[in-house]
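Everything on this sheet refers to the single structure shown next.
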Amino acid sequence: MFLAALLKRAEFARTLTMHDIFDSPALTLSFALAAGMAALSLGTVLRVPGILLALGAGVLLGPDVLNAVRPATLGEWLQIVVGFCVSVILFEGALSLNPKRLKRAGTPVRRLISIGALIAAGGAAFVAYHFMGWRIEIAALFGALLIVTGPTVISPLLRRIKAEKTVATVLAAEGVLGDAVGAILATVVFGIALHPVAESFGHAALELGKIALVGGIVGGVIGLLIVGVARWKALAQNHMNRIATLALVLLAFQLSNALAHESGVLAAVVAGLVVGFLGGETEDLIEFKEELSMLFIGLLFVILAANVRIDELTGLALPALGVAACLVFIVRPAAVMLSTIGSGLNVRQRLFISWIGPRGIVAAAVASLFATQLAATGAREGTQFRAVVFVCIVTTVTLSGLTGKPVGKLLKVLAKSNQGWLIFGANAVARALALALKEAGEDVLLIDRNREEVARAEAAGLPVMQANALEVNTLLRGGVETRTGVIALTANDEVNLLFLQTAKRLAHGIQAWMAQGGGKGGVTDAMLEAAGAHAICGRKFDVALLAAMFEEDRLEVITRKREEAENEDGKTVIRRAGEMPLLVRKGKSILPASGDWKGVTEVVLLSPRPKSKSDEDGDEE
């Protein structure tokens, strides 16, 4: 009996200790961070939307199951943590927008976040009003918040689906800009819901103007500060510019919110757009923010899912699924198809954009905030509101994630495979090769971190990305999985080989070529063979030396067809002494030169530029 009592007391002590351990805001955040990253990583391996796994982890670890993640322990700090995370996520999304692509896709994006947003808001409000029986103000709040997609879910989906450039740009831009529009509109509608009807319209107009003005000014000023910091070489050399940028983004979000409630979302987006459009040394910022965004996305989905209690869903399952179904099959298609008439998108592209409509973290975060405030006013819809928003997020993410690629394939809007070349380096030799490929009708994209070389490539009319080509995210943004091949043309053999190895891991079977024998040589033929790669030109050469010769105007690019070749001792000589082959054409294909001349009908060569008369006269002197 004594032993039984002792064991009982020990069990009680263990229970009490465990309770005390988990009743900690720090442990809740730590568990949410770890679970979020585990879910996103597992999603990548299994090729399923990691966000769904993060939501599932939140429910499993939440108060209703394992009770390890307890959002209630954070108190009012929950919304502060959510705000900080959302500001970084939106800034990174806006920063990553390609200005040239955004300009080309400008009309459909503007219509989607204006006309399309209004149609979507009205449709979602109508559905919520009839299915849920909510007051018109609450239904309108729901419609405003659920109008558009979010960058947190669109970006991972686009990487998996691999849609063509125009469609991908429209969806990405809509996600970033639309989140700000939805959050702002929802904030205005929320203000209307809490004010008397007689004051509502005037109050709404005032709130909207204040939010737009404050968010735009604060975001613009902070964005200019970030550009200045990014160009400060002393900070950039120590990567302090990245930390400074993070601090400024958080400052923009909170300062704007302090001046005008809920304007921080717009401030973060404007700051990102300013930095992205003004350019500069932004590749480090993009890489850094991508890593932080993934960390914060996992954290937020776990902790906000844990904050939704199962009893909140009691009796709501069927109506909530009905609302989600209407959003997917009626509201979203109507908003996209009507708003993009005459926008330049074809019917297949518009249908695909209609189908891809996952809701993201901003909807979840703002819904959590509004639900708390509604509950505090005694509104019965408070807990229902948050639960229905999460059901819509899960439904739309699941459908888009699992069916996006098959639907894209059916509508023929996926990026074609074996399209063009990814070139590591933007030096003179790389630019010459890229121009030759482009003239042959091939798609090319150069990647280089050197700002001056990137500017020269842009001046030559070549597509170029200023980024670290050894980063996985950079190669994915460059579409490595859909390319014919990759070519490394830097002066460092080891770096060239590392680039090819990274590309081969991401795109199995892709052709890989590199310059071998530069000033920092060391890559052997055996190492190349083991990597499944080839030496371009079929010989060793010094990239830095050739680039210098180009800069001195001592080299030129020429094209010679087989019928123009000379005959020497009964042999056809298509390449003369002193010339270096870059590309060869075999049938309809054009490939990097390898030294194999069998079947070659045309060759692109680097050739010494003939001396002019003035040069010869100068030599004689």
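Numbers below:
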read-out: Efficiency of FRET from Cβ geometry, residue 526 and residue 114, R₀ 41 Å, rounded to 0.05; value: 0.10
read-out: Extension gain from residue 459 to residue 165, taking 0.36 nm per residue of separation minus the Cα-Cα distance; value: 103.6 nm
read-out: Surface/4 of the Cα convex hull for the range 495-561, nm²; value: 5.8
read-out: Residue 417 versus residue 337: modelled label distance in nm, points set 7 Å from Cα along the beta carbon direction; value: 3.2
read-out: Proxy reagent accessibility, fewest Cβ within 10 Å first, across 292, 437; value: 292, 437
read-out: Packing-based order for 443-452, 51-60, using average beta carbon neighbours within 10 Å, highest first; value: 51-60, 443-452
read-out: Most to least packed among 463-471, 403-411 [average Cβ atoms within 10 Å]; value: 463-471, 403-411
read-out: Pairwise label distance in nanometres, residue 278 with residue 45, each label 7 Å out on the Cα-Cβ vector; value: 4.3
read-out: 23 Å Cα-Cα threshold exceeded, pairs from 165/586; 438/586; 165/438; 561/586; 165/405; 561/598; value: 165/586
read-out: Positive-pole candidate from 417, 402, 428, dipole of the range 393-452, charges at beta carbon; value: 402
read-out: Residue order, fewest to most surrounding Cβ atoms within 10 angstrom, among 41, 368; value: 41, 368
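Bear in mind these aren't lab numbers, they're just calculated from the coordinates by the rules spelled out. Just so it is clear, the structure is predicted and the values come from calculations on it, not from any experiment. Every residue, glycine as well, gets a Cβ built from its backbone with ideal geometry; the counts of neighbours run over all protein chains shown.
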